[in-house]
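Chemist: Handing you a structure now.
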Amino acid sequence: MAEEQSKACENCRERKSARWREDFPVRWENDNYITRREMVKFLGLGSLLIAGANFIVAAIPHLEKAAQYPELKIGMASLLPSNGSALFNYPTEHDPCILVRDKAGDLVAYSQVCTHLSCAVVHSPGENALFCPCHNGYFTVEEGRPYAGPPTRPLPRIKLDQRGDAIYATGVEI
Ligand code: FES
């Protein structure tokens, strides 16, 4: 019995004084602590990452604005009577838009996609408005600004350029 105990103790001592422990002295109780320098490095890098992400998110709208839009002939001015409207697609054939000659005789154009839930807005000459029949949303013809119903954001405006009688769409103001 005593012999067995002394053998066990020898194994124990061997384990404690193993060669690798001498080569790599690690104080296990300190392993759970991080140094002030590591903490500062972690916070610094974390802040840098968050600042970088914010910068990218802030730059996205500017990049979109800088996007090049095609120039597209969308109609003839003489064919659009006062308080009349016409539909076209811009900048792609999948983007419905509406061109309106307001009461003052000026031409304005907007995306036809309602800023509430994407129904198509139509021209309502009697009310001098752009009207969304889905939830009775109303936008002003002059600015595309919502003034009644659930929409809160204005309609994206299509930039126009008139050359002679021809009307061209040249960009989108979001
Ligand atoms: S989708 Fe136009 S008002 Fe709701």
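Chemist: Restricting to the range 150-174, give me the number of residues that are in a loop (DSSP other than H, G, I, E, B) and of a type in the set (S, T, N, Q). Steps first, please.
Modeler: Quick first cut of the range 150-174, residues in a loop (DSSP other than H, G, I, E, B) only: 150-156, 164-165, 174.
Right, trim to of a type in the set (S, T, N, Q) and you get 152.
Looking only at that region, the number is 1.
Chemist: Now, a different point. Looking at the range 104-114, is at least one residue of a type outside the set (A, V, I, L, M, F, W, C) and modelled with pLDDT under 95? Don't jump to the end; show me each part of the working.
Modeler: Kept after step one, since they are of a type outside the set (A, V, I, L, M, F, W, C), are these residues of the range 104-114: 105-106, 110-112.
Imposing the further condition that a residue be modelled with pLDDT under 95 reduces the set to 105-106.
Yes.
Chemist: I would also like to ask the following. Just to be sure I understand the filter: pairs with C-beta atoms under 9 Å, separated by 6 or more residues or on different chains, first member in the range 139-162 and at pLDDT 95 or above and among the β-branched types (Val, Ile, Thr), second member within 16 Å of the ligand (Cβ to nearest atom) and not in a strand (DSSP E or B). Which pairs pass?
Modeler: Thr140/Pro154; Thr152/Thr115; Thr152/His116
Chemist: If you take the residues of the range 150-161 that are within 28 Å of Glu71 (Cα to Cα) and surrounded by fewer than 16 Cβ atoms within 10 Å (Cβ to Cβ), which of them is farthest from the ligand (Cβ to nearest atom)? Outline the logic, then answer.
Modeler: Keep residues of the range 150-161 that are within 28 Å of Glu71 (Cα to Cα), which gives 153-161.
When the remaining residues are screened for being surrounded by fewer than 16 Cβ atoms within 10 Å (Cβ to Cβ), the result is 153, 159, 161.
Values: Arg153: 11, Lys159: 23, Asp161: 29 Å.
So, considering only residues that are within 28 Å of Glu71 (Cα to Cα) and surrounded by fewer than 16 Cβ atoms within 10 Å (Cβ to Cβ), the one farthest from the ligand (Cβ to nearest atom) is Asp161.
Chemist: Pick out, from the range 62-137, the strands (runs of 3 or more DSSP E) lying fully within it that include 2 or more residues that are open to solvent by less than 30 Å² (accessible area, probe 1.4 Å), away from the ligand (no atom under 16 Å from the Cβ) and of a type in the set (A, V, I, L, M). Before the answer, list the steps.
Modeler: Working: elements: 72-76, 85-89, 96-101, 107-111, 122-124, 129-132.
Fully inside the range 62-137 and qualifying: 96-101, 107-111.
Chemist: I would also like to ask the following. For Tyr147, all conditions in the list (1) loosely packed, with under 13 Cβ neighbours inside 10 Å; (2) in a loop (DSSP other than H, G, I, E, B); (3) within 16 Å of the ligand (Cβ to nearest atom) hold save one; what is the number of the exception?
Modeler: For Tyr147, the exception is condition (2).
The values are calculated or read from the model by the stated rules, or taken from the named source; none is laboratory data. For clarity, every value in this text was computed on a predicted model and none was experimentally measured. For neighbour counting, all protein chains shown are included, and Cβ atoms are generated from backbone atoms with ideal geometry for every residue, glycine included. In case anyone asks, the SASA skips ligands and DNA or RNA and just uses the protein heavy atoms, side chains included. Shrake-Rupley method; radii C 1.70, N 1.55, O 1.52, S 1.80 Å.
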